[in-house]
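Notes follow once the structure below has been shown.
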Amino acid sequence: MNPEHPEAREAPPEHPEDREPERGAPIGRRILLGTLGLGALGVVSAPVLQRGLEGFLGEAAQKDPTGLTGLLPNGGGFRYYSVTSSVPRKNAKNYRLTVGGLVDKQASYTLADLRALPQTRMVEDVQCVTGWRVPDTPFEGVRLSALLDAAGVRSSAGAVRFTCFDGAYTESLTLEQARRADVLVALRMQDKDISHNHGGPVRLYVAPMYFYKSAKWLSGIEVTEKVEPGYWEERGYDIDAWVGRSNGRDDEPTT
Ligand SMILES: Nc1nc2c(c(=O)[nH]1)N[C@H]1C(S)=C(S)[C@@H](COP(=O)(O)O)O[C@H]1N2
Ligand SMILES: [Mo]
């Protein structure tokens, strides 16, 4: 009924140097892990193979309490999605998140600024509209509502538009949705700083909606008058993307 969004692609290797040094981890271990991550990429070549590998990694992860397999591309049941073939890397030095549009006070946050604000942690299932699902995934970050309140949203505003430093992806929420307590400007995912491939250093996290709402590589928050359809929404997906109640899905009530 819906076109399967086809932009799942092979994840680029995570650069070990993008990671903040694991405090206390011996240097040798870090180098070993980085090498392993790159080596494993050669194995992930076809989608079918990839699915097999994900199954393997799922099992391996359970047997590996060190979390070593978490460094492998597409580990932990996630697929890598990007509508662009490459995305610049941002870190604590050059990352900025701007808040503008119909607000009284525009703002530009560094990563340190965002880390200094109160953090909210949530554990919910991640659900992609194409069917894959990752249960009980922790996300942590600043409530979007806190950034909107700090900016002072004008009375003419009705929606929020999100832009990304991949230069292509966009998303939108109504102001009411954006103010929900389960919508975060996320800095952490799976209890780690968000990696580049997962949209780090900062991604949007819209817990009650399909994962395409959770824009990766978030760089701009613009308060607008009306909802402007995002990247996938211009291509036929629902703007109001409630899990189980959108995109042709109408789950049975669970009562
Ligand atoms: N900037 C950007 N954000 C994005 C996407 C994308 O292609 N670009 N894909 C979306 C989709 S369809 C999904 S399922 C999730 C995938 O997140 P992951 O790569 O961390 O698994 O990111 C969402 N956010
Ligand atoms: Mo998705």
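The values are calculated or read from the model by the stated rules, or taken from the named source; none is laboratory data. As the structure is a computational prediction, the values presented were derived from the model and not from experiment. Please note: Cβ atoms are built from the backbone with ideal geometry, for glycine as well, and neighbour counts cover all protein chains shown. Surface areas here come from the heavy atoms of the whole protein model, side chains and all, with no ligands, DNA or RNA. Shrake-Rupley method; radii C 1.70, N 1.55, O 1.52, S 1.80 Å.
State all residues of the range 129-162 that are open to solvent by less than 10 Å² (accessible area, probe 1.4 Å) and in a loop (DSSP other than H, G, I, E, B); if no residue qualifies, say none.
V129
Kindly list the number of the only condition in (1) assigned to a strand (DSSP E or B); (2) within 15 Å of ligand 1 (Cβ to nearest atom); (3) in contact (Cβ under 8 Å) with a residue 24 or more places away in the chain that fails for H196.
Against the list (1) assigned to a strand (DSSP E or B); (2) within 15 Å of ligand 1 (Cβ to nearest atom); (3) in contact (Cβ under 8 Å) with a residue 24 or more places away in the chain, H196 comes up short only on (1).
Check V223, V185 and return the single one that is away from ligand 1 (no atom under 14 Å from the Cβ), under 28 Å from L111 (Cβ atoms), at pLDDT 95 or above and open to solvent by less than 10 Å² (accessible area, probe 1.4 Å).
Details: V185 fails: away from ligand 1 (no atom under 14 Å from the Cβ).
The match here is V223.
Taking the condition of being among the aliphatic types (A, V, I, L, M), in contact with a Ser or Thr (Cβ under 8 Å, 6 or more places away or on another chain) and more than 16 Å from ligand 2 (Cβ to nearest atom), how many residues in the range 120-161 meet it?
Applying the first criterion (among the aliphatic types (A, V, I, L, M)) to the range 120-161 yields 122-123, 126, 129, 134, 142, 144, 146-148, 150-151, 153, 157, 159-160.
Applying the additional criterion that residues be in contact with a Ser or Thr (Cβ under 8 Å, 6 or more places away or on another chain) yields 123, 126, 142, 157, 159-160.
Subset that is more than 16 Å from ligand 2 (Cβ to nearest atom): 123, 142, 157, 159-160.
Of the residues in that region, 5 qualify.
Mind checking which residues of the range 176-208 are farther than 19 Å from R115 by Cβ and in contact with a helix residue (DSSP H, G or I) (Cβ under 8 Å, 6 or more places away or on another chain)?
Residues of the range 176-208 farther than 19 Å from R115 by Cβ: 176-182, 197, 206-208.
Within the range 176-208, A178, R179, R180, A181, V206 meet the criteria.
When the range 201-220 is examined, which residues are found to be more than 9 Å from ligand 1 (Cβ to nearest atom) and in a loop (DSSP other than H, G, I, E, B)? Steps first, answer last, please.
Keep residues of the range 201-220 that are more than 9 Å from ligand 1 (Cβ to nearest atom), which gives 201-202, 205-209, 219-220.
Those that are more than 9 Å from ligand 1 (Cβ to nearest atom) and in a loop (DSSP other than H, G, I, E, B): P201, V202, A207, P208.
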